[in-house]
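Taken together, the values in this text are just the output of simple stated rules run on the coordinates, not laboratory data. Note that the structure is a prediction, hence the values are computed from the model and not measured. Here the Cβ is made from the backbone with ideal geometry for all residues, glycine too, and neighbour counts use every protein chain on show.
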Amino acid sequence: MDTFQDTVFKLKRYWADRGAIIQEPYDVEVGAGTMCPETFLRVLGPKPYRVAYVQPSRRPADGRYGENPNRLYKHQQLQVILKPTPDDVIDQYLGSLKAIGIDLSKHDIKFEEDNWESPTLGAWGIGWQVMLDGMEITQFTYFQQCGGIDLDLAPAELTYGLDRLVAFLQNVESVYDIEWAPGVKYSEVRLAEELQFSVYNFEAANVDRLWRLLSEYEAECKELLAQYEKYPEKRRFPVLATYDQVLKCSHLFNLLDARGAISVTERVGVIKRIRDLAVGTAKLWVAQQGAA
Amino acid sequence: MSLDFLLEIGTEEIPHWMIPGALAQLSKLDLLGAAPSVDATPRRLVVRAKGLPERTPDAEQIVKGPPITAGDKAAEGFAKKQGADASALRKAGNYYELVKSVPGRAVREILAESLPIAILGIQWPKSMYWTDRNGPRFIRPVRWLVALLGDQVIPFEIAGLKSGNVTRGHRQLGASSIPVTIATYESELRKNGVILGAHDRRHKIETEAAALGAKLDRELVETLTYITEFPTAIKGGFDPAYLELPAEVLTTVMRHHQKYFSVEGMQGALAPNFVAVMNTSGDPDGLVKHGNERVLKARFNDARFFWNVDQQKKLADRVDDLAKVTFQAKLGSYKEKTDRVVAVVKELGGNEHAQRAALLAKCDLTTEMVKEFTDLQGVVGGLYAKAQGEPEAVSRAIYEHYQPLSMEDSIPETSEGRILALADKLDTLRSCFSIGMIPTGSKDPFALRRAAQGVVKILVEGAMEYRLDALAQGELHAFLLERAQYYFREVRGFKYDEVNAVLKVGVSTLRDVEVRLNHVARVRPTPNFEPLAASFKRINNILKQAGFTRGVVDIGMLEAGPEKELHEAYWSLAAFGPLEDVAELRPYIDRFFDTVMVNAPDPKVRENRLSMLSDMLQKFSSIADFSEIVTSGDQK
């Protein structure tokens, strides 16, 4: 039986063999692998790109103090971007399942409609959730728009939910029972984190300060966005740093949401504030690429 | 020679609910007179037809030229422009004309041009591009194309993909490259794990699932039919301890989240089993069964967790939390809605249980269970109210208050449930109308038509005696009337003119409308009715022409014979109340018109006769305006 890390190695190897750059996780908090610049920015524009990386993704509201066997504050995604999409993308994807030991002739695979959408990022795509014996194991999306911009190529995005996929492969009922490395359980690696961040996200985080931080990061982002136009040497403009501010805002929004601090009425407004930043940054990135 | 036709559009998995709509469009494909028959799986849309011509026939086209008076120059110019010699022109009346022969074309050539346009012309609820931004759009990427006319490929291209004669089998059960002919197509697919006909897949699902004890439901069968290429049913089980959870929650998890059929045991109670439908031929090692059981267990665990968490705060303690849940931006929170609904329940004379139910009805929107299973709003509230010791009448009313969800759905069973359902919908309608949110055309974001139909259905089928004009005024009143018309026609099957006739004379309660409609529908087939309706129309016209509204009948002035007899007849009929036997009047009316002249020379006699006719019309018009009934003599 493969450990959690064995499965990760195999998937990375598989996609590396198909021309993907193997990136490391991004170091700013994100709610999904899609938000990393390696996806959000790289899917824009006409330049082909293939990349795969594991991204620990933080969703404060999904935390369960480590008590729920399947729900996690932070889960591990394997994110693959194929730009442009190869014609045999689904066969390649199914090949990756074989590569991690799933004998497809003995299982039931279905592609069920699920169109991914992120209002905060002004991004959406068309695709499926891939069901393996009744369990969703992958989100498969043909990106159509990102940062409010129609994409030149429609890249395929494959997002594997590693925790539940490996729980399935190892036939354990709780993700905490996954064998991460030989002799080391998932719980030893991550349980404390789940518990403590659930406490922080639901109980300890200072709501007033979170709101202030959100405003501060937003201000930083806006200030940067406003400078591009007059920037003498476009190449040096810190669009990547600008995007980090967007990610900070998005994470703060998620924290405030988990604290129950955002009313339904406010919600739409705050999402729009962040989307405006994301859209602005995406535009500058495309402009900068064109200027280079 | 006539040829057969095959088109297979090979795609990645199409959303199941969009397939029937696409097939309806493909069934209208122009195949030069041949009738298309269509089939589909999630990965292929197929059109087949027999008896296409090989070529279209040669034809002649007449092109009109200049007037003869325009002279030879003009004629020559016209001929040249048409690529003909002036000697080929002929005279037709005052003009020249040219008969051009249009040679027939190979049908294969015509289809090679028309098919790509037809394929990309299919309308989808949502489409995508997959090559680049300027590439073609379809529901999902097109990956192969089979297009055959007889034994020849109809050559065309979509998104750089050339049509051919090679199909693909089931992803796991078949080969990925299978050359076919029209004759071998379906059997080759079958050998490669694809059951092409939806009917055959549906039948396989139904028989296998039923044999495993599944409680079949049509919607789920349809979904599974179009989500699989080779459906096979398997049975799984779960720990009976989960049966402590309400059946509604368990079946929602199974049906909506997992697409499983539930299984019923003795006396219709849920059994600790489910039936799943795989998209493959078997489960030799039981891995699929095991996997599905594992997923279901996790889902049920979640549901149990939500149930337990939710019980920590009673519905009654959640009323104030509704202030944080928006109903509609301009209309405020669900707390405000709750206050309004409570007031409407009081207005409708609801008892204390109905009022209590109104107060608690929306509280389940703040529960974890409803956040997870939104379809169960109301149902969860009802179940929680029961578990928390609310009176039966209160919990039942909450449970039922979203009913009827459609025209087919039944109305709430309890009187408290009916009043609450009515009040909730009325409040939504009144509030939305008050801020100008009125449905137009296809725009109805708040599903106000459904709410109004619910109101109509509850009022009629609940035999509720509320005057419609007391419940709604102005535009909302008109909107409800329009929905009532729709309901009586489309759901209850009354004819449109009957509905018009009954509504024309006014509406007190919808229940009364129903009673009167039943009368009209009952007397309508009797032989004298339609001629009588025609007579009523005639009377209406006479009164209109005379500009007569109303007068008092002087019985002493009535002439003996047909006039007096008619008067006696309608008085005695009217005395028995509703005109069950209105048709019996017919011979009296006929005789009256045959022998009596309404426009008598003596103005007093004339006025008395008009008075009698209007009096009669008035008496029978409390049921319906019979002049609205379309009789065989009328224009449609």
Can you find, among B:101, A:105, A:8, the residue farthest towards the positive end of the dipole of the protein assembly as shown? Put +1 on the C-beta of Lys and Arg, -1 on that of Asp and Glu.
B:101
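Past 18 Å, Cα to Cα: identify those pairs from B:495/B:544; A:10/B:289; B:425/B:457; A:106/B:235; B:191/B:289, in the order given. It would help to have the intermediate numbers written out before the result.
Working: B:495/B:544 27 Å; A:10/B:289 26 Å; B:425/B:457 12 Å; A:106/B:235 16 Å; B:191/B:289 25 Å.
Beyond 18 Å: B:495/B:544; A:10/B:289; B:191/B:289.
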Between the modelled labels at residue A:174 and residue B:375 (7 Å from Cα along Cα→Cβ) the distance in nm is 3.1
If we count other beta carbons within 10 Å of each Cβ, what is the order of B:415, B:87, B:395, fewest first?
B:87, B:415, B:395
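Take peptide A:100-112, look around each residue's Cβ out to 10 angstrom, count Cβ atoms belonging to other protein chains, and average those counts. Show your work: numbers first, answer last.
Numbers: counts 0, 0, 1, 3, 3, 6, 9, 8, 15, 5, 10, 10, 7.
The shielding value for this peptide is 6.
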Eligible lysines near residue A:222 by straight Cα distance, threshold 21 Å, same-chain separation 8 or greater
A:230, A:234, A:248, A:272, A:283
Simple Cβ-charge dipole of chain A, Lys/Arg +1 and Asp/Glu -1, about Cα centre, in debye nearest 20
860
Candidate aspartates and glutamates for bridging to residue B:126, where Cα separation is under 16 Å - those fewer than 8 sequence places away on the same chain excluded
A:112, A:113, A:114, A:117, A:150, B:12, B:13
Give me the distance between the Cα centres of the stretch B:1-63 and the stretch B:143-196, rounded to whole Å.
15
Considering the Cα trace of the stretch A:137-183, what is its radius of gyration and what is Dmax, both in angstroms?
16.2, 47
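Looking at the stretch B:46-180 from every direction and averaging, what is the projected area of its Cα convex hull in nm²?
Across all orientations, the stretch B:46-180 yields a mean hull projection of 13.6 nm².
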Restricting to Cα pairs below 8 Å that are 6+ residues apart, what does the relative contact order work out to for chain A? Please round to a whole percent.
21
Spelling out what I want: for every residue of the stretch B:233-247, take phi, set θ = phi - 60°, compute 6.51 cos²θ - 1.76 cosθ + 1.60 (Karplus), and round to whole Hz; glycine and proline get x.
8, 9, 10, x, x, 9, 4, x, 4, 5, 5, 5, 5, x, 4
With just the Cα atoms defining each centre, how far is the stretch B:245-324 from the stretch B:512-564? Give it in Å.
63
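Within a 10 angstrom radius of the beta carbon, how do B:43, A:58 rank from fewest other beta carbons to most? Let's see the in-between values first.
Details: B:43 23, A:58 20.
In increasing order of surrounding Cβ atoms, one gets A:58, B:43.
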Pop out the ³J(HN,Hα) list for the stretch A:17-24 in order, Karplus 6.51 cos²θ - 1.76 cosθ + 1.60 with θ = phi - 60°, rounded to Hz; leave Gly and Pro as x.
5, 9, x, 8, 6, 9, 8, 9
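Pop out the Kirkwood hydrodynamic radius of the protein assembly as shown from its pairwise C-alpha distances, inverse of mean 1/r, in Å to one decimal. Don't skip to the end; give the middle numbers.
On the way: mean 1/r = 0.0295 Å⁻¹.
Evaluated on the protein assembly as shown, it is 34.0 Å.
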Please provide three numbers in whole Å: the alpha-carbon extents of chain B along the principal axes, with the largest listed first.
98, 97, 48
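As a quick test, which of the pairs B:330/B:362; A:12/B:297; A:110/B:297 have an alpha carbon distance above 26 angstrom in this structure?
Numbers: B:330/B:362 18 Å; A:12/B:297 31 Å; A:110/B:297 20 Å.
Long pairs (Cα-Cα over 26 Å): A:12/B:297.
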Efficiency by 1/(1 + (r/R0)^6): what FRET value for residue B:320 and residue B:244, r their Cβ-Cβ distance, R0 = 30 Å, to the nearest 0.05?
0.50
Mean shadow area of the stretch A:206-291, taken as a quarter of the surface of its Cα convex hull (nm²):
5.4
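Under the rule of -39500 (n - 2.57) per DSSP H run of 4 or more residues, summed and divided by the residues of chain B, what mean residue ellipticity at 222 nm is obtained, to the nearest 500 deg cm²/dmol?
On the way: 23 runs with 272 residues, N = 636.
Result for chain B: -13000 deg cm²/dmol, rounded to the nearest 500.
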Give the long-range amide H neighbours of residue A:261: residues separated by 5 or more places, or on another chain, with amide H under 5 Å away, using H modelled in the peptide plane at 1.01 Å from N.
none
Remind me, what semi-axes does the stretch B:59-102 give for its equivalent ellipsoid, largest first in whole Å, using sqrt of 5 times each Cα gyration tensor eigenvalue?
16, 12, 7
Inter-chain shielding of B:126-136 (mean C-beta neighbours from other protein chains, 10 Å cut-off):
5
Give the residue from B:338, B:319, B:367 lying farthest towards the positive end of the charge dipole for the stretch B:318-518; charges sit on Cβ (+1 for Lys and Arg, -1 for Asp and Glu) and the dipole is referred to the Cα centre.
B:338
For the stretch A:4-200, alpha-carbon Rg and Dmax in angstrom
16.4, 47
Taking A:121-127, B:617-623 and ranking on average Cβ neighbours within 10 Å, highest first, one gets A:121-127, B:617-623
Magnitude of the Cβ-charge dipole (Lys and Arg +1, Asp and Glu -1) of the stretch B:59-102 about the Cα centre, nearest 20 debye, reported as 80
Just tell me which lysines come within less than 16 Å, Cα to Cα, of residue B:537; anything on the same chain fewer than 8 places away is out.
B:504, B:619, B:636
Per residue of the stretch A:62-79, what does 6.51 cos²θ - 1.76 cosθ + 1.60 with θ = phi - 60° give for ³J(HN,Hα)? Whole Hz please, x for Gly and Pro, Karplus curve as stated.
7, x, 9, 6, x, 9, 9, x, 10, 9, 10, 5, 10, 10, 9, 10, 9, 10
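Which number comes out as Rg/Rh for the stretch B:198-311 once both Rg and the Kirkwood Rh are worked out on C-alpha atoms? Spell out each step's value before the answer.
Working: Rg = 14.1 Å, Rh = 14.4 Å.
Taking Rg over the Kirkwood Rh, I get 0.98.
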